[in-house]
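Read the structure below first, then the notes.
The values are calculated or read from the model by the stated rules, or taken from the named source; none is laboratory data. As the structure is a prediction and not an experimental result, all values here were calculated from the model. Backbone-built Cβ (ideal geometry, glycine too); neighbour counts: all protein chains shown.
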Amino acid sequence: MTPQSFHLGARRHPRRMSLTPMIDVVFLLLIFFMLASRFGMDAVLPVVTAGPASGEASDWQGAPRLVDLTPDGLALNGVALPDSGLAPALRPLLPDADAPVVIRARDGADVQRLVDVIDLIRREGLGRPVLVE
């Protein structure tokens, strides 16, 4: 028996890989995510920021209402309170339902804590939160 050899023709260089299919896939993914995502704001937290031009000082009525927000808790007019005690302590200080309540976040207080307190004030109908530095 003699070994047979196969002649496969001239050696070809391997084809270069085309980037066109990859670019097509990237564009399809881009279109998919653009159509599947929602643009816009899901939740808006309306907050008034006090400043020199806001005119808050002219319409202030009633007792002081300063909520200091710390990482550990909160204080109303310098008196430390638990979160559940804010509504009962704040309600007698409000002359009307739209009266401003000043909220001041202290060093170390995170944004989620601030949002929780503003939510609590709005949910209980305790006035209009005003955020100051």
>> Suppose we filter G108, G127 for residues that are on the phi > 0 side of the Ramachandran plot, of a type outside the set (A, V, I, L, M) and more than 20 Å from the chain's Cα centre (by Cα); which single one remains?
In response: G127
> Mind checking which residues of segment 85-132 are more than 17 Å from P64 (Cα to Cα) and among the charged types (D, E, K, R)?
Replying inline: R106, D107, D110, R113, D116, D119, R122, R123, E124
> What's the number of the condition V67 fails, among (1) at pLDDT 85 or above; (2) assigned to a helix (DSSP H, G or I)?
Replying inline: (2)
> What single numbered condition from (1) closer than 14 Å to V130 by Cα; (2) more than 27 Å from the chain's Cα centre (by Cα); (3) of a type in the set (V, I, T) fails to hold for V79?
Replying inline: (1)
> Checking D98 against (1) touching a Gly at 6+ places or on another chain (Cβ under 9 Å); (2) without any contact (Cβ under 8 Å) to a residue 24 or more places away in the chain, which test does it fail?
Replying inline: (2)
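Applying the selection to segment 90-100, what residues are surrounded by 16 or more Cβ atoms within 10 Å (Cβ to Cβ) and part of a helix (DSSP H, G or I)? Working first, answer last.
Start the filter on segment 90-100 by keeping residues that are surrounded by 16 or more Cβ atoms within 10 Å (Cβ to Cβ), which leaves 90, 93-94, 99-100.
If the condition is that a residue be surrounded by 16 or more Cβ atoms within 10 Å (Cβ to Cβ) and part of a helix (DSSP H, G or I), then L90, L93 are the ones that fit.
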>> Just to be sure I understand, how many residues within segment 101-133 are touching a residue at least 60 places away in the same chain (Cβ under 8 Å), in a helix (DSSP H, G or I) and crowded, with 18+ Cβ neighbours inside 10 Å?
In response: 1
>> Quick check on my filter: what residues within segment 59-88 are among the hydroxyl-bearing types (S, T, Y) and surrounded by 13 or more Cβ atoms within 10 Å (Cβ to Cβ)?
In response: T70
> Name the pairs: first residue in segment 80-93 and more than 12 Å from L120 (Cβ to Cβ), second residue of a type in the set (G, A, S), Cβ to Cβ under 7 Å, at least 6 apart or on different chains?
Replying inline: A80/G73; L93/G62; L93/A63
